[in-house]
Amino acid sequence: MTEKEILMQVRNLSVMYKTKLGEVSAVDNVSFDIHKGEILGLVGESGCGKSTMGKALMRMIQPPGKITSGQIIVDGEDIMTYDQKQMRDFRGRKVSMIFQDPMTSLNPVQRVDEHIVEAIQVHESKTKTEEALSRAEGLIQRLGIRKNRMKSYPHQLSGGMRQRVMVGLGLVLNANLIIADEATTSLDVIVEAQLADELRDIRETFGVSLLVITHNIALVAELSDRLAVMYAGHIVEMGDVETVFDTPLHPYTKGLLKSIPNIKLDDTEKLYKMPGEPPNLTHPPTGCRFHPRCPYAMPICSKYEPYFKEVLPGRAVKCWLYIDHPEKESETIEVTA
Amino acid sequence: MDNLINDKNNNDYLVEVQNLIKWFPVQTTFIDQLFSKERDFVRAVDGVSFNIRRGEVLGLAGESGSGKTTIGRVTIGLEEKTKGNVIFDGIDLSTLSAEELRKLRRRMQVIFQDPLASLNPRMSLGDAIRQGLDIHYPETANNHRDMVLDIMEKVGLSPAKFFYNKFPHQISGGQRQRVVIARALVTQPDLILADEPIAMADVSVRALLLDLMVQLKDEFNLTYLFITHDLATAKYICDRIAILYLGKIVEISELTEVYAYPLHPYTRALLAAVPVPDPHDRRTEPMPKGEIPNPINPPPGCRFHPRCPYAQEICSQQEPFLRELRIGHEVACHFAEDFLTES
Amino acid sequence: MKSLDGQEETTSTQEEVPEWLLDLDRVGFVRRLLFARKWYGGDWWFVLISGILLLFIIIVGIFPQWFAPYDPKVEVGPSLLPPGEAPPSFWLLTKSEGGEIELQDIADKTNNIGFIIGSAASQAMREAVDELNDTAPEGTRYQPRQQRFETLEEGLEALIAGEIDGFIASPEEIGSALDNYPSLQADKTLRERGEKGFVFGTNQIGQDVLSRIIWGTRIALIVGLSSAVVSLVVGVPLGLISGFVGGPFDRILTLLMDSIYSFPGLILAISIAAVLGAGIGNIIVSIAVLYVPTYFRIVRGQTLSVKKELYVEAARSLGTKWRDILTKYILPNVIPSVVIIFSVNVGDAILTEAGLSFLGFGLPPDTPDWGIDLARGQDYVRRAWWLITYPGLMVTLVTLSFSMLGESLSEILNPRLTER
């Protein structure tokens, strides 16, 4: 296995929201890496903190939310130390984002070409308009939008097209990382598949990394290289997508994978029904946040929170089943490759 | 007519839909209305025929613009047809007066997609569920509370007394959908229109809700018209499935039959497009280009022809009709036979 | 399976809901009020303050007699007495050569008594004469003629010259002038200095401003509340039906309401009041007409949007009759806005009523009413600022309280539709 170069290192990231019900710990002390040129899937149910995580990576958390701690290191620099100007440069040029609803993320009074030219000129202000336009044109065609659509307004485009424009905006500045936050959720299934093909293509051609944030686990299985599973603000398992699917370690992952509908007829398993509900993040459960719903829960699980342990190179899990502890009564499971 | 409305008849089919057409007029400005005589129509449903057998779950599957939701709404009588016939248990809905249709509602209920939006925020859950009973059986009002508590237990809202007085915003999304299900079931209907009932539920709750719906179907002898865009989920609940494209049925048969032997190019593309939760089994087929065209001006001939990799000249000239190519398996494509030989 | 924070998804294992949660349900309103304080933070205090204030105002309005120290229509003190000042004393000045002279001696019809023009001495003299008349034996009547002088000097000269028999002035008015007139003497007991003044002073007729304000509360509240209620009773059903039914009926009604709405409020009220004539009932009607369009518009708008909601369609699919849809589905969702408009409406109506009576419409002239007092106090802005200040403050205070209440209610009345 070749050494994978690291694009972004996230260390001990925590994001807190103040709500009328109390403080919500949306992302709690999370650490992971994003490799160059990889497609990393970040999955979880609604409320698990994955969208918050995506926004945090671009430091786009607005009050009442706040990044309370952590470092995000890109190209040797911690962007948490960046000032406004540096962040503006970072956003769009190094990292860009595609959102779920492209209608509201595109300016309704700007045409497609204007969008892209603006993006270019904001970041590379010396670029002349003609030059920017020709770059835009090339990119648009590359994305499969016909040239005659360049002059269209967002409301004249379909959902799939708008998402492509968003992708274009990310690419035009040669961003290293594109974060796709539920980018395909509102799209029809065939368009979603087209966009997935597009994204894979872009990764091949430009070497761009993709962080695909979604609750659609099947999509992640189709698309990504590695997978991170989030639950209640924590990453509970991470690894290569095949390994995680073949041998899920964390009880939540196991339950989750068994509960996904599979269109293949030869899969005749009944859908697994996960008991309980995601927790209230103003008062998360003590110890491991999943323990109230966990079929394997041990006494230690309600007392102490397990750390995110790398059980094998490239494979990590946050569960007492796989970690030693003096107060643990049962055997620790050894993970073999 | 009252007898017909309230008693079950013994027809083979609970619902017969014949050549259903539903066109929505496009909003025009005043000036347009003055100057042009022609109006545009959104041809949401453009000639659809199917039957629903008692006790089955018929899936209407398609992407946006397919007309699946509109078909469901017209079948239930929430929307008026433009042309065609909708026959519920031998009764032609268009022959009913408004009051008769209202009474017939007891036998056809709806589970909506968005549980939060379909519950009155100012009505307690118990009151919301008993509405059907209060409306159609006013004489037995005293028993209704117990009947509601009973059904709440059945759908898993337990202890029912606790939930009876709660309001929609005080419970979770999964619980809300159970309330909607309970509300639909309490009048013991024959037909339930389920309009993407689990699309908005959390991933971990969907399996629970699906299971519940299957269980209740058996227990209450229900028939479902199940509208969905999620073909993977459909596998777990639908007996038969109809694939819709731009207002027409392109393929219809038993679900296992359609999934195993898809004969229409659109069905094949659709089935291939659905992501499979198995990283070893990734899709290799390319997707058709382009997107679903505007239903105001559908393509001539076969509506799928502009995107179809197998399209020939005849496809743009002549519209294919549903033909039975395998037993109980109908397809609307001029060249569907070519796929018969594949497995 | 351990329980979470109460909202438990139950499975076929029939999970128990924790006892404390069931108890919480039973505890009810008071406990929930206390929790509400936790929910709503700052806004809660708004409601509390404005609520208490309004409650107080309403009590004052219902039982003004408990609070007002005097009858508002009676002359209880010297006119234009500043707030808090006790009424001054008054001396009777006469020529010393006459020996000790009391008022009695010079109070016949043939006598002249002078005072400075505009001085409260005139009232002091009137009161003193009335007193004399009260205790006088049958047949005797004191009624000295009054003579006004521009300045103290003129009056004193006249006194020396014998043109008048006596001169009444307060010690402040006299100052040290007596030093220059050794031939004059002062009987200091005409009017003693009063012991207490009037909290808000007196107006030009000598009525107690505070009492007038307190009694004015009653009128203001009656007119304000009644007109708001009438507007509501007319506007809300019209809005509901219009929004629900739609079509040409709706168009015509909306047009009508919009025309009323586009009139500047006070002018419209004046026109209607002018047509209807005087009287408190007519004022209420005039003001009520003004606000009907507001209720109509808001209710109609809400009806239109609620009509489109999925739960209304769900109700239709259940077979609900349209009458029930209106009352069970649309109305309850419309009521919170109505309550809010109502509270702001009352405040506004009071303001309008003050405006109308300020301009002289509707109420009989001596009614203790803030608007009337404001009108009457206009001319005295410099001399007697308290005449308009206090009524003005009251109008502002009450209007503000109602508005505050309305604003802060909006947060509480709308259910929290999102969770987590």
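If Lys and Arg each add +1 and Asp and Glu each add -1, what is the summed charge of the other residues whose beta carbon sits under 12 Å from the beta carbon of B:L325? List each step's numbers first, then the result.
Values: positive: B:R323, B:R326; negative: B:E251, B:E257, B:E324, B:E330, B:E337, B:D338.
Once positives and negatives cancel, what remains is -4.
Mind sorting B:E99, A:E23 by how few other Cβ atoms lie within 10 Å of their own Cβ, fewest first? Numbers along the way, then the final one.
On the way: B:E99 10, A:E23 15.
Sorted ascending by nearby Cβ count, the order is B:E99, A:E23.
Residues in the stretch A:149-164 near a label at A:E137, defined as backbone nitrogen under 15 Å from the 7 Å Cα→Cβ point?
A:149-152
Using the Cα centre of the stretch A:108-172 as origin and beta-carbon charges of +1 (Lys, Arg) and -1 (Asp, Glu), tell me which of A:L157, A:L139, A:V109 is placed farthest towards the positive end of the dipole.
A:L157
Would you please give the residues with an amide H less than 5 Å from that of C:G206, counting only those at least 5 places away or on a separate chain, with H modeled from the backbone geometry?
For C:G206, whose amide H was placed from the backbone, the distant partners under 5 Å are C:L80.
At a Förster radius of 41 Å, what calculated FRET efficiency corresponds to the Cβ-Cβ distance of B:E324 and A:T205, to the nearest 0.05? Mind dumping the intermediate values first?
Values: r = 46 Å, r/R0 = 1.13.
My answer for the efficiency is 0.30.
Students often forget the sequence filter, so: which aspartates and glutamates lie under 16 Å Cα-Cα from A:K20 once same-chain residues fewer than 8 apart are removed?
Hits, sequence-local ones excluded: C:D43, C:E411, C:E419.
Of the candidates A:Y307, A:Y82, A:Y231, which one comes out as most mobile in a Gaussian network treatment of chain A with C-alpha springs shorter than 10 Å?
Result: A:Y82 has the largest fluctuation of those listed.
Neighbouring Cβ atoms within 10 Å as the yardstick, rank B:F50, B:F41, B:F226 fewest first. Please list the in-between numbers first.
Numbers: B:F50 21, B:F41 16, B:F226 27.
Exposure proxy ranking, most exposed first: B:F41, B:F50, B:F226.
Can you give me the long-range amide H partners of A:G41? Hydrogens built in the peptide plane at 1.01 Å from N, cutoff under 5 Å, separation of 5 or more residues or another chain.
Amide H neighbours of A:G41, under 5 Å, 5+ apart: A:V212, A:D225, A:R226, A:L227, A:A228.
Please list, in order along the stretch B:239-253, the HN-Hα scalar couplings obtained from phi with the Karplus expression 6.51 cos²θ - 1.76 cosθ + 1.60 (θ = phi - 60°), rounded to whole Hz, x for Gly and Pro.
7, 10, 9, 10, 9, 10, 9, 6, x, 9, 7, 9, 7, 8, 5
For peptide B:117-129, how many partner chain Cβ atoms fall within 10 Å of a residue's Cβ, on average?
Values: counts 6, 8, 3, 12, 9, 10, 6, 0, 0, 0, 1, 5, 0.
Mean partner-chain Cβ count within 10 Å for B:117-129: 5.
Add +1 for every Lys or Arg and -1 for every Asp or Glu among the other residues with Cβ under 14 Å from the Cβ of C:G360, and state the total. Intermediate results must be reported in sequence, preceding the final value.
Values: positive: C:R376; negative: C:E353, C:D366, C:D369, C:D373.
Neighbourhood net charge equals -3.
Cα to Cα, under 24 Å, and not fewer than 8 places away if on the same chain: which lysines meet these conditions relative to C:K321?
B:K8, B:K81, B:K103, C:K307, C:K308
Just need the relative contact order of the stretch C:90-191 here, percent rounded to a whole number, with Cα pairs under 8 Å and 6+ apart.
On the way: 163 pairs, mean separation 51.2, N = 102.
The value is 50 percent.
Mind putting a number on the dipole of chain A about its Cα centre? Charges go on the C-beta only, +1 for Lys and Arg and -1 for Asp and Glu, and I need it in Debye to the nearest 20.
In total the dipole reaches around 1060 debye.
Skipping prolines and chain starts, which residues have an amide H placed within reach, meaning under 5 Å, of the one on A:T68, given they are 5 or more residues away or on another chain?
So A:T68 has HN proximity to A:S14, A:V15, A:M16.
Only four residue types carry charge here, +1 at the Cβ of Lys and Arg and -1 at the Cβ of Asp and Glu. Report the dipole size of the protein assembly as shown about the Cα centre in Debye, rounded to the nearest 20. Before the final figure, lay out each step's value.
On the way: 111 positive and 140 negative charges, 471 e Å.
The calculation lands at about 2260 debye.
Hey, what did chain A get for relative contact order, percent, Cα under 8 Å, at least 6 apart? Before the final figure, lay out each step's value.
Numbers: 589 pairs, mean separation 65.0, N = 337.
That works out to 19 percent.
Can you give the % of DSSP beta bridges in the protein assembly as shown that are antiparallel, to the nearest 5? Mind dumping the intermediate values first?
Numbers: 68 of 113 bridges.
Of all bridge pairs located within the protein assembly as shown, approximately 60 percent are antiparallel.
Rounded to the nearest 20 Debye, what is the dipole magnitude of the stretch C:114-169 about its Cα centre when Lys and Arg each give +1 and Asp and Glu each give -1 at the C-beta? Each step should come with its number before you reach the end.
Details: 4 positive and 11 negative charges, 28 e Å.
Its charge dipole is roughly 140 debye.
What residue among B:D114, B:D202, B:D230 has the largest mean-square fluctuation in a Gaussian network model of chain B, using Cα springs under 10 Å?
Sorting by GNM fluctuation, first place goes to B:D202.
Only Cα pairs under 8 Å and at least 6 apart count here; give the relative contact order of the stretch A:108-172 as a rounded whole percent. It would help to have the intermediate numbers written out before the result.
On the way: 61 pairs, mean separation 29.8, N = 65.
It comes to 46 percent, rounded to a whole number.
When chain A is treated as a GNM, springs tying every alpha-carbon pair under 10 Å, which of A:L106, A:L187, A:L21 comes out with the largest mean-square fluctuation?
A:L21
Going by how many other beta carbons lie within 10 Å of each one, how would you line up B:L263, C:L255, fewest first? Intermediate values should be presented prior to the final figure.
Values: B:L263 26, C:L255 9.
Ordered from fewest to most neighbouring Cβ atoms within 10 Å, B:L263, C:L255 come out as C:L255, B:L263.
Taking the Cα atoms only, what angle lies between the long axis of helix A:189-206 and the longest principal axis of chain A, rounded to 10 degrees?
80
Could you derive backbone 3J(HN,Hα) for the stretch B:166-171 from the dihedral phi with the Karplus parameters 6.51, -1.76 and 1.60 (θ = phi - 60°), listing whole Hz in sequence and x where the residue is Gly or Pro?
After applying 6.51 cos²θ - 1.76 cosθ + 1.60, I find 7, 10, x, 7, 9, 10 Hz.
Every read-out reported here was derived from the displayed coordinates using simple, explicitly stated rules and does not represent laboratory data. Predicted model only: the values in this text are computed from it and were never measured. When we count neighbours, we look across all protein chains shown, and the Cβ atoms used for this are built from the backbone with ideal geometry, even at glycine.
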